[in-house]
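Q: First the structure, then my questions, so here it is.
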């Protein structure tokens, strides 16, 4: 076995699924951890802000599998910081001449044949535009959640990934063991029927509040290409509070709370929790049947997304999924024979992430009966495919050419459920969804919100897909 390279062996041996597997299968996979590939995966980072920094730092530590060779950002300050961090990392490993290219234009990154993969950590409204073209350029991709801004974009990205047979991992880290095994343990318990027939899922993730500042146009700083940053979003003047802070890469960016760039908490944190709910429900490739939503939107403020929210979605099997800003942060699964609750706890991805309120006595995961959770592998003999590290799982999947733990098909459905809820918020009426056709039933106004017209033709995803023969 040692005479084979890790790459060749994994191509033949890694598991094909991302669903439940039996314990003996896990043991077989774990026997062959270690070794080095005959060629390191060369990757680049596109988008070097708060999430991007976490992404490339979390990926390049796996030096036995990958090598970071380029960074790209429209803000030259962030670009320089990222380049310096990468150079410093490799110098601390004992290297002297470290070459890391810095790019303003992501097309130049995609044009490099020596780059195998890219991490896309740009704002939500740019996800599909960059990721689709990366796939068409022959790159494997890691893209931050939510997968895309709109439902039409999610379908386009999924189409491109499957047509070009590329590997795409979504930044849904709650699927991986570190640091949130709570979600995996809870979803395994539900999926294995340990709480009986699931009937209700309650999801909470807090809410955004107005900034309390009225919109005021500014001149873009010379280090920032605001025109390119806008991409497909509607034309509008630059405001630092709607983009990202110029004095820090750690601060929470304003685009998250500006509806033209991100849809607010319903997709920001909703994408995380809905993803786990689908996982536990066994509906990773499905969606709700009907949706009703009530919310308040920010008005006369520099920010524009929703604040309060109450969403009710009905799924097959008469399962009701309820999202409410008054619920504690986390997911509560309720069944005929018990309940289980899971949350992140004190662990955060970025410094500005909220810390979940955790019951000191119960911890970040608890159930109506401890036997629901432990032993983790019971008579069913099934737990989730092992994925201790989300970034390493992506790299392993590139080698094996098998789907990672958060594949495009499933993350597209998670985005769809969140975006459907947002559309119901906007229209303030009950909607019916056809998960097979991925459109609303008998509602032209709602279906118009599945996509939006690009600001300029060069950013039109439909045109890009047609030119690639995928339209």
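Q: Rank by packing, highest mean first: peptides 69-77, 220-228, 446-454, with packing defined as the count of other Cβ atoms within 10 Å averaged across residues.
A: So the order, starting with the most tightly packed, is 69-77, 446-454, 220-228.
Q: A follow-up question, please. Could you work out how far the C-alpha centroid of the stretch 69-109 sits from that of the stretch 274-350, in angstrom?
A: Answer, in whole Å: 38.
Q: I need the peptides 371-378, 257-264, 155-162, 336-343 ranked by packing, meaning the mean over residues of other C-beta atoms within 10 angstrom, with the highest value on top.
A: The peptides rank, most packed first, as 257-264, 155-162, 336-343, 371-378.
Q: Translational diffusion coefficient, Stokes-Einstein: compute it for the chain using the Kirkwood radius over C-alpha pairs as Rh, at 4 °C and 1.567 mPa s, and state it as an integer in µm² s⁻¹.
A: 57 µm²/s
Q: How would you order 432-443, 266-277 from highest to lowest mean count of nearby Cβ atoms within 10 Å?
A: Descending mean neighbour count gives 266-277, 432-443.
Q: So for the chain: antiparallel DSSP bridges make up what percent, rounded to the nearest 5?
A: The answer is about 60 percent antiparallel.
Q: Expressed as a rounded percentage, what relative contact order does the chain have, with Cα pairs under 8 Å and six or more residues apart?
A: 21 percent
Q: Please give the per residue volume of the convex hull enclosing the alpha carbon atoms of the stretch 150-235, rounded to a whole number of Å³.
A: Looking at the stretch 150-235, the number lands at 255 Å³ per residue.
Q: Convex hull over the Cα atoms of the stretch 115-161, averaged projected area in nm²?
A: Projected over every direction and averaged, the Cα hull of the stretch 115-161 covers 2.7 nm².
Q: Summing -39500 (n - 2.57) over the DSSP H runs of n ≥ 4 in the chain and dividing by its residue number, what mean residue ellipticity at 222 nm do you reach, to the nearest 500 deg cm²/dmol?
A: Using -39500 (n - 2.57) per qualifying helix, the result is -9500 deg cm²/dmol.
Q: Oh, and also: Distances over 22 Å make up what percent of all Cα-Cα pairs in the stretch 191-280?
A: Within the stretch 191-280, distances greater than 22 Å cover 44 percent of Cα pairs.
Q: Give the distance, in whole Å, between the Cα centre of the stretch 409-471 and the Cα centre of the stretch 209-256.
A: Value for the Cα centre distance between the two parts: 25 Å.
Q: Once each part is reduced to its C-alpha centroid, what is the distance from the stretch 142-198 to the stretch 124-140 in angstrom?
A: 18 Å
Q: Ranking 132, 302, 292 by Cβ neighbours within 10 Å, fewest first, what do you get?
A: 292, 302, 132
Computed from the coordinates by the stated procedures, all read-outs in this text should not be read as laboratory data. Just so it is clear, the model here is predicted, and its values are computed rather than measured. Cβ sites come from the backbone with ideal geometry, for glycine too, and all protein chains shown count toward neighbours.
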